[in-house]
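The values are calculated or read from the model by the stated rules, or taken from the named source; none is laboratory data. Remember, predicted model here, so these are calculated numbers, not experimental data. Ideal geometry is used to build each Cβ from the backbone, glycine not excepted, and the neighbour counts take in all protein chains shown. Ligands, DNA and RNA are stripped out before the accessible areas are found, and what is left, the full protein with its side chains, is counted by its heavy atoms. Shrake-Rupley method; radii C 1.70, N 1.55, O 1.52, S 1.80 Å.
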Amino acid sequence: MGALVHRNGLPICIKEMAADLWKSLLQTAKEKIIQQRRASLYDCAHGYQEELIKKKLQQFPGGSINLSKEGNGIGILTLNNPRLMNAFTGTMMLELQERVTELETWKEGKGLIVCGVGNTFCSGSDLNAVKAMSNSEDGMNMCMFMQNTLTRLMRLPLISVALVQGKALGGGAELTTTCDFRLMTPGSEIRFVHKQMGLVPGWGGATRLVQIVGHGAALQLLSGAVKVDPEGALRLGLSEKTLVSSDETGSLEEARAWLSLYTEGPASVIQAVKKVVTAGKELPLEAALRTEKDVFGSVWGGPANLQALVRRPKHK
């Protein structure tokens, strides 16, 4: 009878049941966190027709969204449409959603660098696609599609940085705000040019900009379509650092080195840090605390925690 066999004063079967229950609770917590991160902002109740807009976007091909995953846990997400200064075509919008889905399940991932080819970041949307979908229904569906995708990008359990080379205009400026940090190269600029197009940001850029620089600065940048250079971005808190190199290869190496300062350590711990910070930023206090509890439970007693206890690290 297994229940009568004791170890450390507890029946073995009870200890095993407790361990199984704990594992089950941890798995439930992990699944809950993943579901929250992937939850769509919009559905059919909001008039959102995802399959319809996907078919429309497919009609505007060109360029690509490339993803490389490096052995150190840093991913490089690259906008590749140099003919149009890396503007988003319809198929690039679709590919971005696919790459985000792939990154959501990258267990070894710790950091992400978002950049563009050809020494420029992104000039927004391909105007051919914009003109062809200028009716209200298509415009709203594209808006909801990109808000969903960029919100999922922002919520990735990876520490992300936008490497801004050359121009980040319109939708490209909005894309920079989805990242946790922004690094700018000499001569680069971030500019929300939407007003000049008779628009406001529609991909979530205005909301995120207010969170980053505050209400007053965001209002000035949007209403004045202000060109923000590296010095101005540092002053506003829109950028963390101006890099030394302005060429594509050198600036990417600098960005890797900067990001590595914050991604040193096990992927499970880095991802947990990002999750609790995201919860603290987005959720009401009680919900954020419950999420922090769930994430804490997912790493407590884990390999990194147990190894640290054995090492007994000294904090200087």
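Per-residue packing, averaged as other Cβ atoms within 10 Å, sorts the ranges 300-312, 130-142 into the order 130-142, 300-312, beginning with the highest. When peptides 87-96, 168-177, 40-49 are ranked by their average number of other Cβ atoms within 10 Å per residue, the highest-first order is 168-177, 87-96, 40-49.
When GLU286, GLU189 are compared by accessible area at a 1.4 angstrom probe, the order from most to least is GLU286, GLU189. Note on LYS275: accessible area is roughly 50 Å² with a 1.4 Å probe, heavy atoms of protein only. Across the options GLY109, ASN148, GLY47, the greatest Cα extent toward the positive end of the charge dipole of the chain (unit charges at beta carbon of Lys, Arg, Asp, Glu) belongs to GLY109.
Is there a quick way to get the dipole size of the range 112-227? I mean about its Cα centre, with the Cβ of Lys and Arg at +1 and of Asp and Glu at -1; what is the value in debye to the nearest 20? So the magnitude is around 220 debye. Judged by the mean number of other Cβ atoms found within 10 Å, the most tightly packed of the peptides 111-119, 197-205 leads the ranking 111-119, 197-205. Rounded to the nearest 20, the size of the Cβ-charge dipole of the chain about its Cα centre is 840 debye, with Lys and Arg at +1 and Asp and Glu at -1. For ARG182, the residues 5 or more places off, or on other chains, whose built amide H falls under 5 Å of its own are ALA162, GLU240.
The alpha-carbon of LYS227 sits under 18 angstrom from the alpha-carbons of these aspartates and glutamates, leaving out residues fewer than 8 places away in its chain: GLU174, GLU189, GLU240. Would you please classify the overall shape of the range 205-261 from the alpha carbon gyration tensor, given that a ≥ b ≥ c denote the square roots of the eigenvalues, rounded means a/c under 1.5, and beyond that prolate means a/b larger than b/c while oblate covers the rest? Verdict is prolate for the range 205-261.
The distance separating the Cα centre of the range 94-121 from that of the range 286-315 comes to 27 Å.
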